[in-house]
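See structure below.
The values are calculated or read from the model by the stated rules, or taken from the named source; none is laboratory data. For clarity, every value in this text was computed on a predicted model and none was experimentally measured. We place every Cβ from the backbone using ideal geometry, glycine too, and count neighbours over all the protein chains shown. What goes into the accessible areas is simple: the full protein's heavy atoms, side chains included, and nothing from ligands, DNA or RNA. Shrake-Rupley method; radii C 1.70, N 1.55, O 1.52, S 1.80 Å.
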Amino acid sequence: MSEQLVFTRPEVLADVATHYCPGCQHGVVHRIVAECLEEFGLVEKTIAVSSIGCSVFLYNYILVDTVEAPHGRAPAVATGVKRARKDAFVFAYQGDGDLASIGMAEIMHAANRGERISVIFVNNTVYGMTGGQMAPTTMVGQKTTTCPAGRCMEREGGPIHMSEIIATLGGVAYCARTAVNTIKNIAQTKRAIRRAFETQINGEGFGFVEVLATCPTNWRMSSVAANERVGKEMIPEFPLGVFKDAAKEEQP
Amino acid sequence: MSRIVIDEQRCKGCLLCVEACPKSIIVASSRFNAKGYKVAELPEASMDTCTGCASCAQMCPDVAITVWRTAKSKAKENE
Ligand SMILES: Cc1ncc(C[n+]2csc(CCOP(=O)(O)OP(=O)(O)O)c2C)c(N)n1
Ligand code: SF4
Ligand code: SF4
Ligand code: SF4
Ligand SMILES: [Mg+2]
């Protein structure tokens, strides 16, 4: 009987237990990033920039050289790394509190400058690490520790749609929003991350992939219910799709 | 026969694999691992239903599932 190994852990993904809560989809995103690094043969030349949030320990899981950036500053640190080491493949990995709140200036300007870096943005609509405070991406009506009655449009405004904003900036070569709630969307996430990495490899410009993900702990939901929420509530608010692809725009 | 192996020490019992399996053959076991998580399992009796599609493994946030696929025609030859 000839059996074929069809799914196993990528080698660059450390064979260790993660500190993530059960059902936390940072793990799925790490795995996809690790697979893409291997498939493009980038492992040896990659310098990752991790951020502040639950994914702060990225360097314990994706075994590449990593710089840990101060809160929100990953795109600025990645800019420095890439400009100093043009031969390196540089990606930043950030949460929504990190990228869309304290780090809003850095991401906007790095994207606008068209830095040859790739940013993986994990949007779980909450500050996961610090116990579930409201993030700029928190949905109207969503309860968090700092909006216990639910986010109020009148008081706090609505959730920020980062992909739509990033796509308008001049230096951006690729910008997409995906999710990891279904097998189909996981495949789409992998295609998007591959394409974002490709734009850097080809020197086309800045690459950005927003991945909708769960935080079952701070959503106070079971892992399965949290995953269902992504399809039922998040995707209608944060539509999936490719918001910019420079390669496609060139061919009329 | 396609098959999967769940690394019980890595499993956190989130049950996303249970939901993802198109054959609905993965279940919550009654065992707890060293970290205290109640792990998922594919009972040996259901293993021959597994198609090796790897949906469970793709979905697992803890990369705890390894999948081997055996082509159908090949499996028939061996019957
Ligand atoms: C300068 C600074 N301000 C505030 C904090 C506290 N802090 C740590 S993580 C975090 C938010 C993380 O949320 P997010 O980026 O969404 O990541 P998640 O944990 O949800 O993946 C905050 C505010 C900090 N570490 N440093
Ligand atoms: S708090 Fe949320 S984001 Fe952080 S590890 Fe737990 S589930 Fe994941
Ligand atoms: S490989 Fe497919 S059929 Fe087999 S257990 Fe996993 S999801 Fe189910
Ligand atoms: S998805 Fe992974 S961690 Fe969750 S129950 Fe299944 S094997 Fe365990
Ligand atoms: Mg977050």
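Observations on the structure shown:
- Inclusion of residue A:201 among residues that are away from ligand 5 (no atom under 15 Å from the Cβ) and over 22 Å from residue A:228 (Cα atoms) is warranted.
For every residue, the table says whether it meets (1) over 22 Å from residue A:123 (Cβ atoms); (2) of a type in the set (Phe, Trp, Tyr); (3) within 16 Å of ligand 2 (Cβ to nearest atom); (4) surrounded by 20 or more Cβ atoms within 10 Å (Cβ to Cβ).
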site	(1), (2), (3), (4)
A:8	yes, no, no, no
A:15	yes, no, no, no
A:39	yes, no, no, no
A:44	yes, no, no, no
A:61	no, yes, yes, yes
A:68	no, no, no, no
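- Residue satisfying condition, being assigned to a helix (DSSP H, G or I), within 16 Å of ligand 5 (Cβ to nearest atom) and either open to solvent by less than 10 Å² (accessible area, probe 1.4 Å) or under 14 Å from residue A:45 (Cα atoms) (or both), within set A:111, A:92, A:100, A:78: A:100
- Residue check for residue A:53: surrounded by 16 or more Cβ atoms within 10 Å (Cβ to Cβ), at positive phi and touching a Leu at 6+ places or on another chain (Cβ under 7 Å): no
- Leading residue by the ranking (nearest to the other protein chains (Cβ to nearest Cβ)) among those in region B:39-63 that are in contact with a helix residue (DSSP H, G or I) (Cβ under 6 Å, 6 or more places away or on another chain) and at negative phi: B:61
- Restricting attention to region A:117-133, the residues being crowded, with 24+ Cβ neighbours inside 10 Å, farther than 19 Å from residue A:235 by Cβ and away from ligand 2 (no atom under 11 Å from the Cβ) number 3.
- 2 or more residues small (Gly, Ala, Ser): qualifying helices (runs of 4 or more DSSP H) within chain B: B:55-59, B:72-77
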